[in-house]
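Engineer: I'd like to ask you about the structure that follows.
The values are calculated or read from the model by the stated rules, or taken from the named source; none is laboratory data. What you see is a predicted model; the values in this text were computed from it and never measured. Note: ideal-geometry Cβ built from the backbone for every residue, glycine included; neighbour counts use all protein chains shown. We work out accessible area using only protein heavy atoms, side chains counted, and drop any ligands, DNA or RNA first. Shrake-Rupley method; radii C 1.70, N 1.55, O 1.52, S 1.80 Å.
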Amino acid sequence: MPSITTPMVEVSRATPVDQSLVESTFYVTVGIEVSQWLLPVAKGVTFRPAYLAVGVQVDQEGRLYGKPQRSGTFVATVQVCEGRSCREQDVTLVVLANVPWEPRELTFPGKAGTALNGEIGINGGPAGVVPTFTVTDHDKVPEGVSIGPDGHVGGVPAAPGISEVPVRVCVAGNCAGVVVRLIIV
């Protein structure tokens with residue numbers, strides 16, 4: 001009986017691919033101006049300007065700019081340079097269709113000294129995209145209360161009062177300002 005031999009495949013124990021960027025995937029929306037930055041792991045690096053997708057480029061400082069023209073997932077190689085030495089890093093740009101969205105649950109009643117637990121939400125937007133929430137004036141947030149980047153409104157309000165807190169809500173780069181009202185009795 002003939003023997004069957006299986007070809008040997010050498011498995012490399014190389015270290016994982018060096019990452020030059022903290023984050024290499026970005027979610028943006030067709031027709032919405034991009035204003036994001038590549039965040040390098042090392043200090044003092046520059047980038048070789050390049051196109052990432054139709055309508056979107058990266059400049060020497062690592063700023064992503066332009067307006068995406070087509071939806072889809074685009075992978076482009078960016079050169080991250082320290083002096084004359086450059087490394088290549090793939091950057092993924094996920095361009096989503098412009099799907100309208102609107103905020104919901106912007107008013108939160110509560111009682112001073114009692115835990116507050118609520119969520120700012122949105123209706124609509126592209127499926128599977130998690131919105132982000134940023135308080136734009138922290139002085140308007142009542143003592144003991146916080147509004148997280150996930151839209152969670154929590155904490156224990158220290159005193160009664162009505163507060164109107166400006167919050168920036170972004171869904172894949174499609175951003176709008178809202179006012180969150182806290183009514184504490």
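Engineer: Only four residue types carry charge here, +1 at the Cβ of Lys and Arg and -1 at the Cβ of Asp and Glu. Report the dipole size of the chain about the Cα centre in Debye, rounded to the nearest 20. Don't skip to the answer; put the middle values down first.
Structural biologist: Values: 13 positive and 17 negative charges, 37 e Å.
So the magnitude is around 180 debye.
Engineer: Which one, [x] 1.06; [y] 1.17; [z] 1.10, gives Rg/Rh (Cα atoms, Kirkwood Rh) as derived from the coordinates shown?
Structural biologist: Entry [y].
Engineer: Taking all protein chains in place and a 1.4 Å probe, what share, in percent, of the accessible surface of region 25-96 do carbon and sulfur account for? Numbers along the way, then the final one.
Structural biologist: Details: 1950 of 4090 Å².
Reported share for carbon and sulfur atoms: 48 percent.
Engineer: Still on this structure, please answer the following. Using a Gaussian network for the chain with springs between C-alpha atoms less than 10 Å apart, which of these wobbles most: Ala159, Ala97, Ala76?
Structural biologist: In this elastic network of the chain, the residue with the biggest mean-square fluctuation among Ala159, Ala97, Ala76 is Ala159.
Engineer: About its Cα centre, what dipole magnitude does region 25-96 give when the only charges are +1 on Lys and Arg Cβ and -1 on Asp and Glu Cβ, stated in debye to the nearest 20? Provide the component values of the computation, followed by the final result.
Structural biologist: Values: 7 positive and 6 negative charges, 10 e Å.
For this selection, approximately 40 debye.
Engineer: Calculate, for region 25-96, the solvent-accessible area per residue in square angstrom, rolling a 1.4 angstrom probe over the heavy atoms of the protein chains.
Structural biologist: Numbers: 4090 Å² over 72 residues.
Spelled out: the 1.4 Å probe surface of region 25-96, per residue, equals 57 Å².
Engineer: If I ignore ligands, DNA and RNA and count only protein heavy atoms, how much of Cys86 is accessible to a 1.4 Å probe, in Å² to the nearest 10?
Structural biologist: Counting only protein heavy atoms, the figure is 50 Å².
Engineer: Moving on to the next point. Accessible area per residue, 1.4 Å probe, Å², for region 124-164: what's the number?
Structural biologist: Numbers: 2320 Å² over 41 residues.
Ligands and nucleic acids excluded, the result is 56 Å² per residue.
Engineer: Also, quick follow-up: Classify region 25-96 from the C-alpha gyration tensor, please: rounded if a/c falls under 1.5, else prolate or oblate depending on whether a/b exceeds b/c. Don't jump to the answer; show the numbers that get you there.
Structural biologist: Values: a/c = 2.37, a/b = 2.05, b/c = 1.16.
Since a/c reaches 1.5 and a/b is larger than b/c, the shape of region 25-96 is classed as prolate.
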